[in-house]
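The values are calculated or read from the model by the stated rules, or taken from the named source; none is laboratory data. Please read these numbers as outputs of a predicted model, since none were measured by experiment. A quick note on method: Cβ atoms are made from the backbone with ideal geometry, for glycine too, and the neighbour counts reach across all protein chains shown.
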Amino acid sequence: MHFRSQRKSAQDVSLSDYIETGTDGAALSLMDVVSEDCDLMEQVSAREMARNLRRAIDSCLTDQERQVILLRYGLNGAQPKRQREVAQITGISRSYVSRIEKRALQKLRVALEGE
């Protein structure tokens, strides 16, 4: 019996156990790796909002509006660009980029409020 109980607890791990040395040379505990500063619900909510935004961009914007929004806000993985930069890339005036952006944001607002 004693050996069975020892075998069951042999796989138990404490969150304060040190698992390795970090890049700075300090001991790294399991709690350091597992814990996060953000709340899990906040992360899930942020992912869901991003998914809804992507869906709205794909479904309710024209190709030109989509391109302007993606470039302007860096939603394609690149750095956000200024209206002048978007105008140069797309070959349209800066004021037209501004109007397209305003119209696209209004469409997105309506689409996201409806969800």
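Data for the structure
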{"quantity": "Test: Val97 is more than 13 Å from Leu53 (Cβ to Cβ), under 23 Å from the mean Cα position of the chain (by Cα), in a helix (DSSP H, G or I) and not aromatic (Phe, Trp, Tyr)", "calculated": "no"}
{"quantity": "Selection status of Asn52, touching a Leu at 6+ places or on another chain (Cβ under 9 Å) and free of Cβ contacts under 8 Å to residues at least 12 places away in the same chain", "calculated": "no"}
{"quantity": "Selection from region 78-90 of residues that are of a type outside the set (Lys, Arg) and either surrounded by 12 or more Cβ atoms within 10 Å (Cβ to Cβ) or in contact (Cβ under 8 Å) with a residue 12 or more places away in the chain (or both)", "calculated": "Pro80, Gln83, Glu85, Val86, Ala87, Gln88, Ile89, Thr90"}
{"quantity": "Region 66-77 residues that are on the phi > 0 side of the Ramachandran plot, paired with ones that are surrounded by 15 or more Cβ atoms within 10 Å (Cβ to Cβ) (beta carbon under 9 Å, 6 or more apart)", "calculated": "Gly74/Lys81"}
{"quantity": "Number of the condition not met by Asp58 [criteria: (1) part of a helix (DSSP H, G or I); (2) modelled with pLDDT of 70 or more; (3) surrounded by 10 or more Cβ atoms within 10 Å (Cβ to Cβ)]", "calculated": "(3)"}
{"quantity": "Residue list for region 61-72, restricted to those being part of a helix (DSSP H, G or I) and not basic (Lys, Arg)", "calculated": "Asp63, Gln64, Glu65, Gln67, Val68, Ile69, Leu70, Leu71"}
